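The values are calculated or read from the model by the stated rules, or taken from the named source; none is laboratory data. Just so it is clear, the model here is predicted, and its values are computed rather than measured. Note that we place each Cβ from the backbone using ideal geometry, even for glycine, and neighbour counts take in every protein chain shown. Protein only, heavy atoms only, side chains kept; ligands, DNA and RNA dropped before computing areas. Shrake-Rupley method; radii C 1.70, N 1.55, O 1.52, S 1.80 Å.
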Amino acid sequence: MTISRKWITALTAAVLAAGTLTAASSATAATGPAAQSSCYLAQSTAYPGFEGNNLHCAPRAGAAAYYEPDGNEHWSNVMGTFSGSQREFFCWKEGATHSGGNNVWYKSWADEPSVGHGFSIGYVKSTDVYTGDTHPYPGLRHC
């Protein structure tokens, strides 16, 4: 049974198109979406010790929460990672300058604790929280 040249050409075009879509999706996931208008400040009592006007916003899926806002990726310093779903950020703090070109870090509970840690609260780079280009987020308290 011979495969026609037309069929091979069509199959090749479909595979290339799928690869292009996958590459485009990967690029979006790596850099994240543009500013999300769904970010907002709201009073919260959900987290004891972090009550108040918290930022509700989505972080980049896979972003790390660090023990301190220094970006030190040693295993003991990464408290957990974020799933990308909207969550509460309690406050912001100055720390090490990161790939986003500023030194603003947001504090929250990560979705997935790192091995060895019983809790997953930590700081995430401001550019991993999709608030737009203004950091810190206006009205969010300083840690």
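With the requirement that a residue be over 16 Å from CYS57 (Cα atoms) and in contact with a Gly (Cβ under 6 Å, 6 or more places away or on another chain), what does the stretch 97-143 give you?
HIS98, ASN103, GLU112, PRO113, SER114, SER120
May I ask you to list the residues in the stretch 93-113 that are open to solvent by less than 20 Å² (accessible area, probe 1.4 Å) and of a type in the set (S, T, N, Q)?
Matches in the stretch 93-113: SER108 only.
Given (1) out of contact with any Lys or Arg (no Cβ under 9 Å at 6 or more places or on another chain); (2) farther than 25 Å from SER44 by Cβ, identify the lone condition not met by TYR137.
It is condition (2) that TYR137 fails.
Which of the residues belonging to the stretch 36-60 are open to solvent by 50 Å² or more (accessible area, probe 1.4 Å), over 19 Å from the mean Cα position of the chain (by Cα), in contact (Cβ under 8 Å) with a residue 24 or more places away in the chain and over 17 Å from VAL124 (Cβ atoms)?
ALA46, ASN53
Looking only at residues in the stretch 119-128 that are at pLDDT 90 or above and either polar (S, T, N, Q) or over 22 Å from PRO48 (Cα atoms) (or both), which one is surrounded by the fewest Cβ atoms within 10 Å (Cβ to Cβ)?
Taking the stretch 119-128 as the starting set, the residues that turn out to be at pLDDT 90 or above are 121-128.
Remaining after also requiring either polar (S, T, N, Q) or over 22 Å from PRO48 (Cα atoms) (or both): 125-128.
Details: LYS125: 25, SER126: 24, THR127: 19, ASP128: 22.
So, considering only residues that are at pLDDT 90 or above and either polar (S, T, N, Q) or over 22 Å from PRO48 (Cα atoms) (or both), the one surrounded by the fewest Cβ atoms within 10 Å (Cβ to Cβ) is THR127.
Output the residues belonging to the stretch 75-116 that are within 16 Å of PHE50 (Cβ to Cβ), aliphatic (A, V, I, L, M) and in a strand (DSSP E or B).
MET79
Which of the residues spanning the stretch 61-82 are surrounded by 14 or more Cβ atoms within 10 Å (Cβ to Cβ) and of a type in the set (Ser, Thr, Tyr)?
TYR66, TYR67, THR81
GLY116 fails exactly one of the following numbered conditions: (1) touching a strand residue (DSSP E or B) at 6+ places or on another chain (Cβ under 8 Å); (2) open to solvent by 20 Å² or more (accessible area, probe 1.4 Å); (3) more than 21 Å from ALA46 (Cα to Cα). What is the number of that condition?
That leaves (1) as the condition not met.
Residues of the stretch 114-143 being among the hydrophobic types (A, V, I, L, M, F, W, C) and over 15 Å from LYS93 (Cβ atoms), which ones?
The initial filter retains those residues of the stretch 114-143 that are among the hydrophobic types (A, V, I, L, M, F, W, C), namely 115, 119, 121, 124, 129, 140, 143.
VAL115, PHE119, listed by residue number.
I'm trying to understand the selection: among the residues of the stretch 86-113, which are closer than 23 Å to TYR40 by Cβ and of a type in the set (S, T, N, Q)? Even if it seems obvious, please write down each step before you answer.
Of the residues in the stretch 86-113, the ones closer than 23 Å to TYR40 by Cβ are 86-93, 100, 102, 104-111.
Across the stretch 86-113, the qualifying residues are GLN86, ASN102, SER108.
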